[in-house]
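Visitor: Below is the structure I would like to discuss, written out as structure tokens.
Each value in this text was obtained by applying a stated rule to the coordinates, not by laboratory testing. None of these values were measured; they are calculated from a predicted model. Note that each Cβ is placed from the backbone with ideal geometry, even for glycine, and that neighbours are counted across all protein chains shown.
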Amino acid sequence: MSFTGINWFKYSSPQAFHPLAGRMIPWFSAAALVLIGVGLYIGFFVAPTDFQQGDAYRIIFVHVPAAWMSMFLYVIMAAWAGLGLGLNARPSFMMAQAIAPTGAMFTFLALLTGSMWGKPTWGAWWVWDARLTSELILLFQYIGIILLRASIDDLRRADRASAVFALVGVVNVPIIYFSVRWWNTLHQGASVSMTASPKMAATMVTAMLVMTLGFWMYSIAVTLARMRCVIVERERQPAWGKNASIQEVAEAR
Amino acid sequence: MQWGSLTEFWAMGGYGLYVWTSFGATALCMVWEVLAVWRRHAAAGSRDVS
């Protein structure tokens, strides 16, 4: 770690992380705005109309990024939760806590936009297909993790309980991802994969990837912002201000 | 660019309702989340350090 000349461990303490996150949020927000703007432009004005699905396919530009984020964020949340359990590190649990609501939101959006896409192409808002059902379970997992945390007053117990729940639930992520291969699903297969060339026009893939990157930047920005709230809420300590006086210490308590 | 007019753009080849509901809901959720975090930040009474 020391070869970079930066003491990275310094930022593992909430006191050091709080201002660092504050400085990073504007950059990630700006990147999100630019990427989503460019993605929407390519998606609506450059990408051609699909010969099979008409313009309904354009839902892909929010549906796929939202669905990917729902899975990415779950894995990252579970990784922080696992790190927290392994190292007994409070900031790791805080990161997991800060990620959960954004993950839940993207899961909800993946389901909603999916249903908006299903109606015109399959003729049904919802089917009990393996992909759809496993994604719905992911939403319940997120909600369960958030509610479990909220229902335990002792913060350290809440941290550990929700971390265990998050870790056990990781098993659902590969099930969601491979569901279209393992079972005969109505849901179409992967549009982009590491091994095969994309099954879509290059401009469509570009729009989708740019939107995904934009959603990534958005998630980082909003998670960092929520992390700052969590830090302040959990450690209502006067050290947050630059020159906290004894009077302020007294007021804060 | 495949849109002849603004009406054509909004119609999305007849799929306007589905397309715009999807994009609208996504935008609403994201804006709502940002505002919610903003309000939480204010409520947390954080003295801005940066």
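Visitor: Using only the alpha-carbon atoms of the range A:1-143 as identical scatterers, what base-10 log of I(q)/I(0) does the Debye formula give at q = 0.09, 0.14, 0.19 Å⁻¹?
Guide: -0.41, -0.85, -1.19
Visitor: Please give the FRET efficiency for B:Ala43 paired with A:Trp125, using the beta carbon to beta carbon distance and R0 = 30 Å, rounded to the nearest 0.05.
Guide: Working: r = 37 Å, r/R0 = 1.23.
E(calc), rounded to 0.05, equals 0.20.
Visitor: With springs connecting C-alpha atoms under 10 Å apart, model chain A as a Gaussian network and identify which of A:Ala21, A:Ala201, A:Ala67 has the largest mean-square fluctuation.
Guide: Result: A:Ala201 has the largest fluctuation of those listed.
Visitor: Let me know the charge dipole size of the range A:18-235 about its Cα centre in debye, to the nearest 20, where only the beta-carbon of Lys, Arg (+1) and Asp, Glu (-1) is charged. Walk me through the numbers on the way to the answer.
Guide: Working: 14 positive and 9 negative charges, 56 e Å.
Result for the range A:18-235 is approximately 260 debye, rounded to the nearest 20.
Visitor: Which shape class, rounded, prolate or oblate, goes with the range A:96-142 when its Cα gyration tensor gives a ≥ b ≥ c as root eigenvalues, a/c under 1.5 marks rounded, and past that a/b bigger than b/c marks prolate? Mind showing how you got there, number by number?
Guide: Details: a/c = 4.66, a/b = 2.09, b/c = 2.23.
The shape class here is oblate.
Visitor: Using a 10 Å cut-off around each Cβ of peptide A:110-116, what is the average number of partner chain Cβ atoms that fall inside? Intermediate results must be reported in sequence, preceding the final value.
Guide: Working: counts 1, 0, 5, 7, 1, 3, 9.
Shielding by partners across A:110-116 averages 4.
Visitor: What's the FRET efficiency of A:Leu33 with A:Ala201 using the Cβ-Cβ distance as r and R₀ = 41 Å, to the nearest 0.05? Display every interim value, and only then the final one.
Guide: On the way: r = 26 Å, r/R0 = 0.63.
With R0 = 41 Å, the Cβ-Cβ based efficiency is 0.95.
Visitor: Averaged over its residues, how many other protein chain Cβ atoms are within 10 Å of peptide B:31-41's Cβ atoms? Working shown, then result.
Guide: Numbers: counts 0, 1, 9, 5, 0, 5, 12, 2, 1, 7, 6.
Taking all residues of B:31-41 together, the mean is 4.
Visitor: Continuing with this model, one more query. Under the classification rounded if a/c is under 1.5, otherwise prolate if a/b is larger than b/c and oblate if not, where does the range A:137-234 fall, given a ≥ b ≥ c as square roots of the Cα gyration tensor eigenvalues? Working shown, then result.
Guide: Values: a/c = 3.76, a/b = 1.65, b/c = 2.28.
Because a/c hits 1.5 or more and a/b fails to exceed b/c, the range A:137-234 counts as oblate.
Visitor: What value, in deg cm²/dmol to 500, does the helix sum -39500 (n - 2.57) over DSSP H runs of n ≥ 4 give at 222 nm once divided by the residues of chain A?
Guide: Values: 8 runs with 177 residues, N = 253.
One gets -24500 deg cm²/dmol as the mean residue ellipticity at 222 nm.
Visitor: Give me the extension gain from A:Arg157 to A:Ala16: residue separation times 0.36 nm, minus the current Cα-Cα distance, reported in nm with one decimal.
Guide: Working: separation 141, 0.36 × 141 = 50.76 nm, distance 2.47 nm.
Net length gain for the segment: 48.3 nm.
Visitor: Here's something else I'd like to know. Provide a whole-number value for the mean count of partner chain Cβ atoms within 10 Å of the Cβ atoms in peptide A:97-106.
Guide: On the way: counts 0, 1, 0, 0, 3, 4, 0, 0, 6, 4.
So the per-residue partner count for this stretch is 2.
Visitor: Using bins 5 angstrom wide from zero, how does P(r) for the range A:18-235 break down, in % of all Cα pairs?
Guide: With 5 Å bins starting at 0, P(r) equals 1, 7, 13, 17, 18, 16, 12, 8, 5, 2, 0, 0.
Visitor: Go through A:Met204, B:Leu35, A:Met24 and say which Cα lies farthest out towards the positive end of the charge dipole of the protein assembly as shown; charges sit on Cβ, +1 for Lys and Arg, -1 for Asp and Glu.
Guide: A:Met24
Visitor: Please state the shape class of chain B: rounded when a/c is under 1.5, otherwise prolate if a/b exceeds b/c and oblate if not, all from the C-alpha gyration tensor. Show your work: numbers first, answer last.
Guide: On the way: a/c = 6.67, a/b = 3.35, b/c = 1.99.
Prolate.
Visitor: Please work out the FRET efficiency for the pair A:Met24 and A:Val192, using the Cβ-Cβ distance as r and a Förster radius of 41 Å; give the result to the nearest 0.05. Please report the intermediate quantities before stating the final value.
Guide: Values: r = 29 Å, r/R0 = 0.70.
The computed FRET efficiency comes out at 0.90.
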